[in-house]
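Written below as structure tokens is the structure these notes are about.
Bear in mind that the values in this text are calculations on the coordinates, not laboratory data. The structure presented is a predicted model; accordingly, all values stated were derived computationally and were not measured. Ideal geometry is used to build each Cβ from the backbone, glycine not excepted, and the neighbour counts take in all protein chains shown.
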Amino acid sequence: MESNGQTNGHRDRHEVREHDILIVGAGGAGLRAAIAAAERGLSVGVVTKSLIGKAHTVMAEGGVAASMGNVDADDGWQTHFMDTMKSGKFLNNWQMVEIFAKEAPERVYELEQWGALFNRTEEGKISQRPFGGHTYRRLCHVGDRTGLEMIRTLQEKTLATDTTVYMETTVTRLFKNDEGQVVGALAYTRESGRFIHFKAKAVVMATGGWGRNYKVTSNSWEGTGDGAVLAYDVGAELVDMEMVQFHPTGMVWPPGVRGLLVTEGVRGEGGILRNSEGERYMENYDSEKMELSTRDVVARANYTEVTEGRGSPHGGVYLDITHLGYNGIMKKLPVMYEQFKNLADIDISKEPMEVFPTIHYVMGGIKVDPETCVTNVPGLFAAGECAGGLHGANRLGGNSLSDLLVFGRRAGEGAAEYAKSNGYSTEIDDSQLETEKQRVLEPLERQDGENPYELQQQVQEAMMEHANLMRNEESLKEGLEKILAIKERVPNVKAHGSTLFNPGWHAAQDVRYLTQISEIILRTALERKERRGAQWHLDYDGPSDELGKINFIVKKDEQGEIGIERREIPPMAEHLSRLFDEGDDKHGGEQQGKESQF
Amino acid sequence: MSEQDAQQKDMASKAHADVHQDESDAAQGTTRLKIFRGDAEGGSEVEYEIPNIEGMVVLDAVLYIQAHQAGDLAVRWNCKAAHCGSCSAEINGKPKLLCKTRVEEYEGQEIRVHPMRAFPVIKDLVSDVKWNYEVARSTIPFQSDEQAPFIMYEEDVERLYEPKKCIECFMCQDVCHVLRTHHKHPEFAGPRFFVRNQWLEMHPKDTQSRLEYLKEGQGGIGYCNITKCCTEVCPVNIKITDNSIIPLKERVADEYYDPAKWLMRKIRGRRSPKTGAVVGRNGNRNGG
């Protein structure tokens, strides 16, 4: 396409690419948005930091939650709605949850229409497995590689449209025109460092989460929170940023794989948790749901067992699936079998796994309109993990994959409708471009400076220590001090080498996102003075009625600092609130008393 | 290139500087790795030495070098769990997922890490695999006349699970001599895409035919002489030759070399064996 070669030296040259819709991120949400927009005849560009098909969606193992009732006929959107609200401790945006629960089955069948293959029931329908916190067997799955099936299907569908995919390309800033509408972005290709100015009538953020803020994580290098920070920088509101999910079961040994995910599918298929004394301890934490309690509860249980001295030699608890036998495991959990065999020399058909909580997912993110996924900034949309609101204080397993499908599609459609009805200019002032290019190149040009990998590591260690799954005010404040000290060093980060595929230079960009997001997590965690879902504040005995009606909204204030607003959650519509029995526990099982110790 | 050379020397000297540090406080010894450093114009191996960590995989070693000794060492990786197929490279000349290969497998041997060689090198361990996505775009996608939800039984779809496991590491493409030695990229799709064509062809609800694409179009399946090199390197154990390539070759043979079918085709034009519908000359709506 048009290579807008400007003549002031190789370094400053950039290409210009124009699309109706620019989608940032090629995981499930980004690709589903691309398909929706392309089907409406618009020109779509998808930018991804990796190759297509490698996004974190590929790591999703257990399944996609949708209440089609193929196995348990009593299931329906109402139960899925209630399960999701309870698990999110009612901080969820209930309008999003209603749309989500209603549309999920149709979105899954759509994948089947595009060639996705799920395990079948005896009647030849899509099979569904049980999962933590879901009342009925609800997760459509194919073994333990559901995410792979989903991303491959969406990838192949996307490549069958006219969508242009810019692989290994990183967006560094969003641009607004004089009227305050988002009209494009600056990006560079990782291969060569060449800059691209994307002009677009609408931009969809689908950049995933920020698990790389923590040392022990199931996330890849990509999960640095770029999307949320880029949106925040242009004035977008963020919601529930204090809510970070620890998955109860990550690998603990060997050291190189610490944090690697062990699918909830293992517990879905009957896996049993035991401590070093052989006790099936979930009895003490949630005697009704046991191992299939919600993730926040199981993660805290595992953490407590180990910290109280009932852990395994490598500091985990035992997860036992041997009852399935080799054949059963190879049918239901083959990926897990290979993972433990290859990486840990463990045969899970003969001996239990050692597991411990690992950072897995972020519930918080960019605040969006439930119908169209537009943010408070015109021209900017968001979907998937980088968007917030659907999951509240704790996400149910399997709800993430259906989230990507339901809101990926809505974001693509929302952006398409917006782009069609707005004829404004996508031109921006050249100085915006030049300033940003200069900023991005600075780490290479500086004589001396900080090692970006070292700064990343320090952020990860600080967050692991101070914004863990058990929090208290003193520690959060200490963490904030550490992060603020690192933040001051970020502008002085130094990368060696050239712009040619240079991970050190890329890491130098990521450090800014990591520190910014960490500061936001710590500041909002300090505000939510209660125990609720992923926010387990040890200085308080339990949930607070008052805070249960509030979301913390983060927005950059006029001084460029983090502004935090307490925003009332609107009362639930009557047709939804009456689904919950009168007197039903609106805290999702978290009352003061015994359980609140965990 | 002179800048590149200087940079590599710089890296090498840094590596040694760190070695001394590590040696002074190393309790459990060290491992040496030779890693290709260079770009499209050339390069050479640089030796690094890193402290041993229990159970370490080669990717851990590479990332350690990146964080402590050579910040600009290029490598692709994502999931670190052998699910995404990003970190394919060659160790001692054999394609491997770096995240799945334990360092201790090479005890007493050299460890020499290079990028995949069937594709152009971009930098260090990263090769240019874009061509594979062009082949992906040329593949005739799934299409069904029926409206989901489909009724399909386990026994109908069981054999599709295996090809669907593919993580697109492209190591089968890397090792295939039709590509690696004979450079037939423009007219040969390669094992990864035979795997994809296989499940598409065998899916009970799909209505397209890909036999013409495979025989006469960009597929080029005739070039494959079933040496099974692809099967040997597949990290998810797909029996590519036996379960994907040979069944497709049989279908192509049935369609093209059965005299009765040949005659019918002459008389009536090409028809999709699945639906009887007449298909386009290339059998490919994306036009390759």
The whole-number value in µm²/s of the Stokes-Einstein translational diffusion coefficient for the protein assembly as shown, with Rh from the Kirkwood sum over alpha carbon pairs at 20 °C and 1.002 mPa s, is 77
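Which shape class, rounded, prolate or oblate, goes with region A:443-544 when its Cα gyration tensor gives a ≥ b ≥ c as root eigenvalues, a/c under 1.5 marks rounded, and past that a/b bigger than b/c marks prolate? Spell out each step's value before the answer.
Numbers: a/c = 3.69, a/b = 2.93, b/c = 1.26.
Since a/c reaches 1.5 and a/b is larger than b/c, the shape of region A:443-544 is classed as prolate.
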Rel. contact order, % - alpha carbon contacts under 8 angstrom, at least six apart, region A:317-364: 51
Debye calculation, C-alpha points only, no solvent: report log10 I(q)/I(0) for region B:80-149 at q = 0.11, 0.12, 0.15 Å⁻¹, in the same order as the q values. -0.42, -0.48, -0.64
Work out which helices of chain A, taken as complete DSSP H runs, extend at least 24 Å along their axis over the Cα atoms and score a mean Kyte-Doolittle of -1.0 or more, then list them. A:94-113, A:399-421, A:473-489, A:503-527
Env charge @ A:Thr84, Cβ radius under 12 Å, K,R +1 / D,E -1, value +2
Once each part is reduced to its C-alpha centroid, what is the distance from region A:138-184 to region A:229-260 in angstrom? 19
Go through A:Leu111, A:Ala382, A:Leu444 and say which Cα lies farthest out towards the positive end of the charge dipole of the protein assembly as shown; charges sit on Cβ, +1 for Lys and Arg, -1 for Asp and Glu. A:Leu111
Mind checking the full-extension length gain between A:Thr164 and A:His314? Use 0.36 nm per residue of separation minus the Cα-Cα distance, one decimal, nm. 49.3 nm
Summing -39500 (n - 2.57) over the DSSP H runs of n ≥ 4 in chain A and dividing by its residue number, what mean residue ellipticity at 222 nm do you reach, to the nearest 500 deg cm²/dmol? -10500 deg cm²/dmol
Give me the extension gain from A:Glu474 to A:Asp448: residue separation times 0.36 nm, minus the current Cα-Cα distance, reported in nm with one decimal. 5.9 nm
Among beta bridges that DSSP assigns inside the protein assembly as shown, antiparallel share in %, nearest 5: 70
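Which GluC sites (Glu not before Pro) in region B:97-145 sit in a loop by DSSP (not H, G, I, E or B) and have at most 13 other Cβ atoms within 10 Å of their own Cβ?
Values: sites: B:Glu104, B:Glu105, B:Glu107, B:Glu110, B:Glu134; in loops: B:Glu107, B:Glu110.
Counting only loop positions with at most 13 other Cβ atoms within 10 Å, the GluC sites (Glu not before Pro) in region B:97-145 are B:Glu107, B:Glu110.
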Can you sort A:Val244, A:Val234 by how many other beta carbons sit within 10 Å, fewest first? A:Val234, A:Val244
Scoring only Lys, Arg, Asp and Glu (+1, +1, -1, -1) among other residues with Cβ under 13 Å from the Cβ of A:Ala415 yields 0
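Rounded, prolate or oblate: which fits region A:263-422 when a ≥ b ≥ c are the square roots of the eigenvalues of the alpha-carbon gyration tensor, with rounded for a/c under 1.5 and prolate only if a/b beats b/c? Write down the numbers at each step before the final one.
On the way: a/c = 3.09, a/b = 2.12, b/c = 1.46.
Taking the square roots of the gyration eigenvalues as a ≥ b ≥ c, region A:263-422 is prolate.
Can you tell me the relative contact order of region B:169-249? Whole percent, Cα pairs under 8 Å, sequence separation 6 or more.
Relative contact order, region B:169-249: 35 percent.
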Toy charge model, Lys and Arg Cβ at +1, Asp and Glu Cβ at -1: region A:37-102 dipole around Cα centroid in debye, rounded to 20, equals 420
Two pseudo-spin positions, 7 Å from Cα along C-beta at A:Lys341 and at B:Asn237, lie apart in nanometres by 0.3
Once the cut-off is 16 Å, how many percent of the Cα-Cα pairs in region A:42-109 end up in the long-distance tail? 62
Residues A:Val511, A:Val306 arranged by fewest to most Cβ contacts within 10 Å: A:Val306, A:Val511
Phi-derived 3J(HN,Hα) across region A:358-367 with the Karplus relation (6.51, -1.76, 1.60, θ = phi - 60°), rounded Hz, x for Gly and Pro, is 9, 4, 9, 7, 10, 6, x, x, 5, 6
Beyond a 21 Å Cα-Cα separation, which of these cross-linked pairs lie in this structure: B:Lys164/B:Lys228; A:Lys54/B:Lys80; A:Lys487/B:Lys123; B:Lys184/B:Lys249; A:Lys54/B:Lys205? A:Lys487/B:Lys123; A:Lys54/B:Lys205
Rounded to a whole number, the mean other protein chain Cβ count within 10 angstrom for residues of B:146-159 is 5
Using Cα pairs closer than 8 Å and at least 6 residues apart in sequence, work out the relative contact order for chain A, in percent. 20
In what order do B:Trp262, A:Trp94, B:Trp131, A:Trp210 fall by count of nearby beta-carbon atoms within 10 Å, going from fewest to most? B:Trp262, B:Trp131, A:Trp94, A:Trp210
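Go through region A:332-379 and name the GluC sites (Glu not before Pro) that are in a DSSP coil and have 12 or fewer other Cβ atoms within 10 Å of their Cβ.
Details: sites: A:Glu338, A:Glu354, A:Glu371; in loops: A:Glu371.
In loop regions of region A:332-379 (DSSP not H, G, I, E or B), the sparsely surrounded GluC sites (Glu not before Pro) are A:Glu371.
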Under a crude label model (7 Å from the Cα following the beta-carbon direction), how far is B:Arg32 from A:Glu417 in nanometres? 6.6
Taking r as the C-beta separation of A:Thr307 and B:Lys266 and R0 as 56 Å, the FRET efficiency to the nearest 0.05 is 0.10
Give the aspartates and glutamates reachable from B:Lys130 as a straight Cα distance under 14 Å; neighbours fewer than 8 places away on the same chain don't count. A:Glu168, A:Glu191, B:Glu168, B:Asp174
Environment charge of B:Arg102, counting only residues whose C-beta is closer than 14 Å and scoring Lys/Arg +1, Asp/Glu -1: -3
Measuring from label point to label point, each 7 Å out along Cα→Cβ, what is the B:Lys94 to A:Ser425 span in nm? 6.2
